[in-house]
1. Out of curiosity, is residue 35 touching a helix residue (DSSP H, G or I) at 6+ places or on another chain (Cβ under 9 Å), surrounded by 13 or more Cβ atoms within 10 Å (Cβ to Cβ) and either outside any strand (DSSP E or B) or at pLDDT 95 or above (or both)?
2. Conditions: (1) more than 18 Å from the chain's Cα centre (by Cα); (2) under 28 Å from residue 47 (Cα atoms); (3) modelled with pLDDT of 95 or more; (4) surrounded by 14 or more Cβ atoms within 10 Å (Cβ to Cβ). Residue 172 meets all but one. Number of the miss?
3. Checking the structure you have, find out if any residue of region 12-30 is within 23 Å of residue 157 (Cβ to Cβ), out of contact with any helix residue (DSSP H, G or I) (no Cβ under 6 Å at 6 or more places or on another chain) and at pLDDT below 95.
4. Would you mind finding the one in 35, 43 that is closer than 28 Å to residue 88 by Cβ and without any contact (Cβ under 8 Å) to a residue 40 or more places away in the chain?
5. Name the residue that is nearest to the chain's Cα centre (by Cα), counting only residues in region 42-72 that are farther than 18 Å from residue 118 by Cβ and at pLDDT below 95.
6. Only one of (1) loosely packed, with under 13 Cβ neighbours inside 10 Å; (2) assigned to a loop (DSSP other than H, G, I, E, B) is not met by residue 40, so which one is it?
7. Given (1) touching a residue at least 24 places away in the same chain (Cβ under 8 Å); (2) touching a helix residue (DSSP H, G or I) at 6+ places or on another chain (Cβ under 8 Å); (3) in a loop (DSSP other than H, G, I, E, B), where does residue 144 come up short, assuming only one miss?
8. Give region 4-22 a look and list any residue that's part of a loop (DSSP other than H, G, I, E, B) and either surrounded by fewer than 15 Cβ atoms within 10 Å (Cβ to Cβ) or in contact with a strand residue (DSSP E or B) (Cβ under 7 Å, 6 or more places away or on another chain) (or both), or say none.
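The values are calculated or read from the model by the stated rules, or taken from the named source; none is laboratory data. Not measured: the values here are computed from a predicted model. Here the Cβ is made from the backbone with ideal geometry for all residues, glycine too, and neighbour counts use every protein chain on show.
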């Protein structure tokens, strides 16, 4: 397993090496020691969650205020385009975006540090996404920006087929920046 950096500070990709044979394959999807070498405390993750989405569905863009929320994200079935936006006002990559394809072929796990907006679009007929999260959910700390915000100009690869009412009613990037004092 190797670790790759992205365009946003502290966002990492854990890229495994699947071992394939006549039975199929075996791969390691997480390594606490390797995570620790990159400043991630594996013991901090307290909740595992999973979502299932139909092709074209967008979930996001979501984040947390306060001390934020760290996540390990991987696509266990199908494929997604995972998108992050840095909301850390004192970060040199504030406002920067990173987009990563996660799928059930490469088994890459994305580390999302606290202070990011996070969302994805299902690229296949069905996509199962697994999240390992380092905090309990507190709805009072929810942040959201519309998936089609004109300032962010996120390039979603497929037409949107499904999006929640909550995500449709999310505010703008400009409103979030004003709220964060950035």
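1. Yes, satisfied.
2. Evaluating residue 172 over (1) more than 18 Å from the chain's Cα centre (by Cα); (2) under 28 Å from residue 47 (Cα atoms); (3) modelled with pLDDT of 95 or more; (4) surrounded by 14 or more Cβ atoms within 10 Å (Cβ to Cβ) leaves (2) as the failure.
3. Within region 12-30, none of the residues are within 23 Å of residue 157 (Cβ to Cβ), out of contact with any helix residue (DSSP H, G or I) (no Cβ under 6 Å at 6 or more places or on another chain) and at pLDDT below 95.
4. Answer to the check: 43.
5. Result: 42.
6. Failed condition: (1).
7. So residue 144 meets the others, but not (3).
8. Correct list: 6, 7, 8, 11, 17, 18, 22.
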